[in-house]
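*Asks:* Quick one: the structure is below, questions incoming.
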Amino acid sequence: MDGRIAVLASGVGSNLQALIDDQFCGQRIALVVSDQPNARALERARDARIETAVVEFGSFPDREAFSAAIVEILVAHEITHVALAGFMRILSPAFVEAFQGRILNVHPSLLPAFPGANAVQAALDHGVKVTGVTVHLVTAELDGGPIVLQEAIPILRYDNADALEVRINELEHRLFRVALRVLIQGRIQVHGRRAMIEE
Ligand code: GAR
């Protein structure tokens, strides 16, 4: 089968679950890696009988060594594609190079607005009327790679972070698996900053 996916996740893992439940992606997930030993995402992986690995940031002197340790595990598992599903660590340029064009990230805002952590709250605090979800290829620039899929969500008058996050998560679950599928099928063409999906 084409494509052996590693999913990297730090938290609850609802995006991981959406990938597991997807017919195309689910059967290709070979490994779940977390930097948090108690991440709910690891439990979800075990429930689905997917191999897991824990790589704690604090066990390494710097980001480079931390990222290199993950690359080593991914290579040992013959991973071809990497899905960042709520992975809250920045990976080194060497990591990005090792899987160039084959790393996908899901982000809870309309990038380039609100990159980094706490994007849902940042959008609310800023008072924007529209936010959304971005799925993009990962480059060395934080949350700056070519956008594969992006969809907007209106912010309602009495929204709070919890309510908005529910709608954002639902949209993430829908977009992430589609983007990962087309990536594995080799249907994403990148021209400069623009990523285009072949029909
Ligand atoms: C998701 O909303 C994802 O977009 C976000 O973390 C959440 C993880 O949820 N990622 C980032 O903010 C990355 N900058 P999950 O653990 O339920 O999939």
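*Asks:* For region 17-40, does any single residue satisfy the condition of being over 19 Å from Leu104 (Cα atoms) and touching a strand residue (DSSP E or B) at 6+ places or on another chain (Cβ under 6 Å)?
*Replies:* yes
*Asks:* Another question, then. In the list Phe95, Phe60, Phe66, Phe87, which residue meets the criterion of being under 26 Å from Val190 (Cα atoms) and either among the basic types (Lys, Arg) or more than 10 Å from the ligand (Cβ to nearest atom) (or both)?
*Replies:* On inspection, the qualifying residue turns out to be Phe95.
*Asks:* Taking the criterion of being among the polar types (S, T, N, Q), modelled with pLDDT of 95 or more and either surrounded by fewer than 15 Cβ atoms within 10 Å (Cβ to Cβ) or within 20 Å of Val178 (Cβ to Cβ) (or both), would at least one residue in region 50-67 satisfy it?
*Replies:* Yes.
*Asks:* Given the structure, is Ala152 surrounded by fewer than 19 Cβ atoms within 10 Å (Cβ to Cβ), in contact with a strand residue (DSSP E or B) (Cβ under 6 Å, 6 or more places away or on another chain) and of a type in the set (Gly, Ala, Ser)?
*Replies:* Criteria met by Ala152.
*Asks:* If I filter region 8-24 for residues that are small (Gly, Ala, Ser) and more than 9 Å from the ligand (Cβ to nearest atom), do I get at least one hit?
*Replies:* There is no residue in region 8-24 that is small (Gly, Ala, Ser) and more than 9 Å from the ligand (Cβ to nearest atom).
*Asks:* Something else: Do we have Ala123 as within 13 Å of the ligand (Cβ to nearest atom), loosely packed, with under 13 Cβ neighbours inside 10 Å and touching a residue at least 24 places away in the same chain (Cβ under 8 Å) here?
*Replies:* Working: within 13 Å of the ligand (Cβ to nearest atom): yes; loosely packed, with under 13 Cβ neighbours inside 10 Å: no; touching a residue at least 24 places away in the same chain (Cβ under 8 Å): yes.
Judged against the criteria, Ala123 is not a match.
*Asks:* Here's something else I'd like to know. Give the residue that is farthest from Gly192 (Cα to Cα), with candidates limited to residues of region 102-119 that are within 11 Å of the ligand (Cβ to nearest atom) and touching a Ser or Thr at 6+ places or on another chain (Cβ under 7 Å).
*Replies:* Here is the first cut: in region 102-119, the residues within 11 Å of the ligand (Cβ to nearest atom) are 105-109, 111, 114-119.
Right, trim to touching a Ser or Thr at 6+ places or on another chain (Cβ under 7 Å) and you get 107, 109, 111, 119.
Details: His107: 21, Ser109: 22, Leu111: 17, Ala119: 26 Å.
Ranking the qualifying residues of region 102-119, first place goes to Ala119.
The values are calculated or read from the model by the stated rules, or taken from the named source; none is laboratory data. Note that the structure is a prediction, hence the values are computed from the model and not measured. Reconstructed Cβ throughout: ideal geometry from the backbone, glycine too, with neighbour counts over all protein chains shown.
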